[in-house]
Amino acid sequence: MKPILWFRFIDWNDGSEILDIIPFISYIGVDMSSLTLERKNISDRFPEKEKTKRIIKWIRRSDSKLRKRFSFLKYQDAIGFGITMGSALGMILLGSLYVMDIIPFWACIIGNGILASFLHEMEHDLIHSIYFKENPKMQNFLFWMVWLFRANTVNPWFRKEIHLLHHKLSGNIEDIEERFISNGMPWGIKRILVMIDPIMAVVLQGPKIRKDAIRYLAKIKAKPIKGPYRLVYLLLWYSFLIWGMISLINWSLGSPIQETGTTAYIHNFLNTAAVVYLIPCWLRQSAIQIVSSNMHYYGDVKSLYQQTQVLDSWWILPLHMFCFNFGATHGIHHFVVTQPFYLRQAVAPKVKPFLKKYGIRFNDFESMTRANRYQKEKMDGIAIPA
């Protein structure tokens, strides 16, 4: 008769695991080299509510450890202010270097696209009052800064209301913010247009959203239009696109347009504005809308646990470059909304394995084929409006 060692795993309340080895002799006539390892999948051992509680506790614990290790993190307001002003000045600097013909166009586009993504994260943190909570004037100043350097978006005051609603109703028909960027739409040309073009988003999704979420839209106090800034951006953007398309068609037909005087000046201005500002902002916005609309679930979401997945596949890296690794970390934010974006990035390496352990989905690209439904089974005969 040969002995067997049995192993039992104990899962502690703080999320850590230790191995409790309980050896005993079992004479059942098997080879002594046999080793039996019994363990039930952790994600199946607890209900969603308990898993959510443990995930939140682990994120906060990781955050707390980081704050204790680096004392400068207590200057949260100053860090936020510095990131905002530094990113804005950086965009001005790169634009100036391009105009002076010191850096190539692609370096300016990539650099300003990345800096604009920092400003988007700052806007998002400001929406959750992570900086200057007791100073509304400073918050409003920073809102103006992050918006004017990315004027192709809705203004932050309006977005604050629809974003807080998003956290309350994420994945539901009244989730105005995510539905406006295509979440829940069947995959196809319409969804692509909504993800990359603001006018198409309004035209194709606006009527449905107004119908489905009318009582929530009626409660929003901030106006979606605040000043001419977004209109100016869109006017310049579409002028650049249309002019460029016409020029390309004429060039391909062998009769390029000869531009002189005022016409040449205007076209040169549009090209410069496109490199310095228009294309970087469009790249950033398109990247985050593609990632965000596909990492959030829609239609059959029943809990916080089911709201998001983690998208960190290597082939999403080009998109993540312009949206600050959003798909790989935004799920963390849904569990703990009070964490600054830079700390969320810092704790992600320790938090993501924990998310996976407790069953949060990673790179569920099949969700695109089922219009972002959480359930993987086919739902024949059940129509959930997009």
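Points to keep in mind about this one:
- Residue 49-residue 369 FRET efficiency (beta carbon distance; Förster radius 35 Å; 0.05 resolution): 0.75
- GNM flexibility winner over the chain from 114, 199, 162 (Cα, springs under 10 Å): 199
- Taking only the C-alpha atoms of region 31-169, the Rg (one decimal) and the largest Cα-Cα distance, Dmax (whole number), read 22.2, 78 Å.
- Highest mean packing first, where packing is the average number of other Cβ atoms within 10 Å per residue, the peptides 285-294, 184-193 line up as 285-294, 184-193.
- Over the chain: Rg over Rh, Cα atoms, Kirkwood Rh: 1.07
- On a per residue basis, the chain carries 53 Å² of accessible surface, using protein heavy atoms and a 1.4 Å probe.
- Axis angle, to the nearest 10 degrees, between helix 136-148 and the longest C-alpha principal axis of the chain: 70 degrees.
- Spin-label pair residue 225/residue 362, simplified geometry with 7 Å Cα→Cβ offset, distance in nm: 4.7 nm
- Here's the picture: a label point sits 7 Å out from the Cα of residue 103 along the beta-carbon direction, and within region 273-296 the residues with their amide nitrogen under 17 Å of it are 273-284.
- Taken about its Cα centre, the chain carries a charge dipole of roughly 1140 debye when the Cβ of each Lys and Arg holds +1 and the Cβ of each Asp and Glu holds -1.
- Structure-based [θ]222 nm, the chain - -39500 (n - 2.57) summed over DSSP H runs of at least 4, per residue, nearest 500: -18000 deg cm²/dmol
- Relative packing of peptides 78-89, 334-345, 250-261, 118-129 - highest average C-beta neighbours within 10 Å first: 118-129, 334-345, 78-89, 250-261
The values are calculated or read from the model by the stated rules, or taken from the named source; none is laboratory data. Everything numeric here is computed off the predicted structure, so don't read it as measured data. Please note: Cβ atoms are built from the backbone with ideal geometry, for glycine as well, and neighbour counts cover all protein chains shown. Surface areas here come from the heavy atoms of the whole protein model, side chains and all, with no ligands, DNA or RNA. Shrake-Rupley method; radii C 1.70, N 1.55, O 1.52, S 1.80 Å.
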